[in-house]
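Computed from the coordinates by the stated procedures, all read-outs in this text should not be read as laboratory data. As the structure is a prediction and not an experimental result, all values here were calculated from the model. We place every Cβ from the backbone using ideal geometry, glycine too, and count neighbours over all the protein chains shown.
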Amino acid sequence: MVKRLGQPIAADNYIAGTWKSGGGAKVAVTSPYDNEAMGYYHESLEADVDEAVQAAAAAYTDWASTPLKERCSLLFKVRDSLLHKLEDIANIVALESGKTIGEARAGLLKGIEVLEFATALQNSDLGGKSAVSRGVHCEYRRYPLGVVGSITPFNFPAMVPFWTIPIAIALGNAYVWKPSEKTPCASVPLTEIFSEAGLPPGILTVVQGGKKVAETICTHPKIAAVGFVGSSAAAEAVYQQATKKGKRALALGGAKNHIILLPDADLALSGKGIADSFTGCAGQRCMAASVLLAVGDVDHLIESIKSHAQSVQLGQSMGAIITQEQRLCLEDAVSAAEKRGAKILLDGRKPDVPKEFPNGNWFGPTILDQVNPSDLAARDEMFGPILTIVRCATITEALDIQNSNPYGNACSVFTSNGGLAEKVVDSAHCGMAGINIGVPVPREPFSFGGIGQSRFGHGDITGYGGVEFWSQLKKITTKWNQQSDANWMS
């Protein structure tokens, strides 16, 4: 169970190595566990963002000229500090985002995994050289972009920033970070860890605020690239604003992930895997199972899923919804689906709430059955612990439904038949697929990224996809002497 803080966290801006408040209004940060204030920030004005970017630009040149090995070596100190302070940071993440302590800890460890990938860049061949003709050599050299910006979501206040910060700064960029205005508190201890590790002032900058701050980052003339993770509507807006100004942009959006369940699936594996997928992080993640495409006679498997979901204990194995407004939206969505004919197998609208946090934003696991594939519950991202079941006669029908979905983050199949599993993996319209895996998030160096309306821009955000996004290649062609056997290529 999470622990309340002794005093509120001042989530200030971090500019040129100094904490300072933004010039706008003071905003309270409330915890989904009890709707009480746990911190605050001051909204950044355009002048605050400009000051931050100018400071980053001033620091960039020296950092870019620092050898890659030295930049990567600093990240080892960051890793050690993160592991040392893991529990304290996990508590802050859980308290402000609604996660359980276990989920917050796991998210941070996943972020550390990306950090470890970044430390290894010093040992990677990021260029290449070849003799292309008689006396002529061509080579790649990789350079940073300059000042880059990133806008991160509320649901993973520590993990998602670590998808981008380590790789971007290891490559020599100066990084301007705007955390979600709903969860800015974790940025304080995370930023301090980089500072204590010896990162030069200005290389990691934090600006707090909402939509206007994000727009300023997207349009600032000195920011060369923008990364984003959030809803699809916001992702598309960020991508359009940034690219309109000639910037490189990669904006990851929402999802409506499908799981295809076949009758031969393992009972224990599918029951727990699918239940964990839609209840984990209270369904507030872009990789959560959202639609179960039930092919044929799978009622015994659905009963297993329901049984696992019923065992979830709020506050311990499942956290809270980010806001009361979002909780009410989930209630309305379930009520609307019921009116349109959905059968409720498990109803989370009136859950047993934790006695320690009776005033939290609680919503229990919910399973809707017999839903029409054209219904809103089967098409729209709800971002909560709701599993929608659509009954299908064949795998082909299930794949048709999955592939008509405009999003494209993830699709999984649960089966004991390898041939059918491969058919689904090859045919599904998605960037990440799973076989008997409820949350098919790739591990490093395999990179994270969807397709369709789940991604605006090209490439992936972690692994070597992140290396490509946060750097640029220069091609050098060299000739020192005229060859006696020269031809038209030399």
> With θ set to phi - 60° and the Karplus curve 6.51 cos²θ - 1.76 cosθ + 1.60, what are the ³J(HN,Hα) couplings of segment 37-54 in order, to the nearest whole Hz, using x for Gly and Pro?
Replying inline: 5, 10, x, 7, 8, 10, 4, 7, 8, 4, 5, 5, 5, 5, 4, 5, 5, 4
> Can you give the Rg to Rh ratio of segment 49-153, both from alpha-carbon atoms, with Rh computed by the Kirkwood formula?
Replying inline: 1.11
>> Kirkwood hydrodynamic radius, computed over distinct alpha-carbon pairs, for segment 251-300: how many Å, to one decimal?
In response: 11.7
> Could you work out the helix-only [θ] at 222 nm for the chain, with each DSSP H run of four or more residues adding -39,500 (n - 2.57) and the total divided by the number of residues, to the nearest 500 deg cm²/dmol?
Replying inline: -11500 deg cm²/dmol
>> Can you give the local net charge around Leu473? Use residues other than it whose beta-carbon is closer than 11 angstrom to its beta-carbon, Lys and Arg +1, Asp and Glu -1.
In response: +2
> With each label point set 7 Å from Cα along the Cα-Cβ vector, what nm distance links Asp297 and Glu113?
Replying inline: 3.8
> Share of Cα-Cα pairs in segment 225-326 beyond 20 Å, in percent?
Replying inline: 53
> Which FRET efficiency, nearest 0.05, do Glu397 and Ile476 yield, Cβ-Cβ r, R0 45 Å?
Replying inline: 0.25
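From the P(r) of segment 173-214, could you give the percentage of C-alpha pairs in the tail past 12 Å? Don't skip to the end; give the middle numbers.
Values: 502 of 861 pairs.
The calculated P(r) of segment 173-214 puts 58 percent of pairs beyond 12 Å.
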> Can you give the Rg and Dmax of the chain based on its C-alpha atoms, in angstrom?
Replying inline: 23.9, 87
>> Apply the Karplus curve 6.51 cos²θ - 1.76 cosθ + 1.60, θ = phi - 60°, to the phi angles in segment 332-343 and return the couplings in whole Hz, x for Gly and Pro.
In response: 5, 5, 5, 4, 5, 5, 4, 5, 8, x, 5, 9
> Charges only on Cβ, +1 for Lys and Arg, -1 for Asp and Glu: so what's the dipole of segment 71-142 about the Cα centre, in debye to the nearest 20?
Replying inline: 440
> Angle, helix 101-119 long axis vs. longest principal axis of the chain, Cα atoms, 0 to 90°, nearest 10?
Replying inline: 30
> the chain: longest stretch without exposed GluC sites (Glu not before Pro) (DSSP loop, at most 15 other Cβ within 10 Å), sites themselves excluded?
Replying inline: 37-355
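What does the highest-first list of 451-460, 5-14 look like by mean Cβ count within 10 Å?
On the way: 451-460: 19.6, 5-14: 17.8.
Peptide ranking by packing, descending: 451-460, 5-14.
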> Are there trypsin sites (Lys or Arg not before Pro) in segment 171-251 that DSSP puts in a loop and that have at most 15 other Cβ atoms within 10 Å, and which ones?
Replying inline: Lys222, Lys245
>> Under the rule a/c < 1.5 gives rounded, and otherwise a/b versus b/c splits prolate from oblate, where does segment 276-333 land using the Cα gyration tensor?
In response: prolate
>> Testing the spin-label approximation: label points 7 Å from Cα along Cα→Cβ at Lys244 and Lys211. State their distance in nm.
In response: 1.4
>> Could you order the peptides 59-68, 369-378, 126-135 from most to least packed, using the average number of other C-beta atoms within 10 Å per residue?
In response: 369-378, 59-68, 126-135
>> Using amide H atoms built in the peptide plane, which far-off residues or other-chain residues are under 5 Å from Asp369 H to H?
In response: Lys343, Ile344, Leu345, Ile389
> Over what distance in Å are the Cα centres of segment 94-137 and segment 278-326 separated?
Replying inline: 30
>> With no other cysteine's Cβ closer than 4.7 Å, which Cys residues of the chain count as lacking a disulfide-compatible partner?
In response: Cys72, Cys138, Cys185, Cys218, Cys281, Cys286, Cys329, Cys392
> Where both residues lie in segment 340-490, what percent of DSSP beta bridges are antiparallel, nearest 5?
Replying inline: 30
>> Along the charge dipole of the chain, pointing to its positive end and built from +1/-1 on Cβ of Lys, Arg, Asp and Glu, which listed residue (Met318, Gly364, Thr477) has its Cα farthest out?
In response: Thr477
>> Can you work out the Karplus-derived ³J(HN,Hα) for every residue in segment 66-74? Use 6.51 cos²θ - 1.76 cosθ + 1.60 with θ = phi - 60°, whole Hz, and x for glycine or proline.
In response: 6, x, 3, 4, 5, 5, 5, 4, 4
>> Taking a ≥ b ≥ c as the square roots of the Cα gyration tensor eigenvalues, with a/c under 1.5 meaning rounded and otherwise prolate when a/b beats b/c, else oblate, which class fits segment 1-120?
In response: oblate
> If the chain between Asp80 and Val425 were fully stretched, how many nm would it gain, using 0.36 nm times the residue separation less the Cα-Cα distance?
Replying inline: 120.4 nm
>> Amide H of Val147 versus every other amide H placed in the peptide plane: which residues, excluding those fewer than 5 positions away on the same chain, fall under 5 Å?
In response: Ala174, Ala224
> Hey, got the dipole for the chain? About the Cα centre, +1 on K and R Cβ, -1 on D and E Cβ, debye to the nearest 20?
Replying inline: 1180
> DSSP beta bridges in the chain, what fraction antiparallel, as a percent rounded to 5?
Replying inline: 40
> Treating the beta-carbon of each Lys and Arg as +1 and of each Asp and Glu as -1, no other charges, what is the dipole magnitude of segment 249-326 about its Cα centre, to the nearest 20 debye?
Replying inline: 300
> Where Rh denotes the Kirkwood radius from the mean inverse Cα pair distance, what is Rg over Rh for segment 344-473?
Replying inline: 1.04
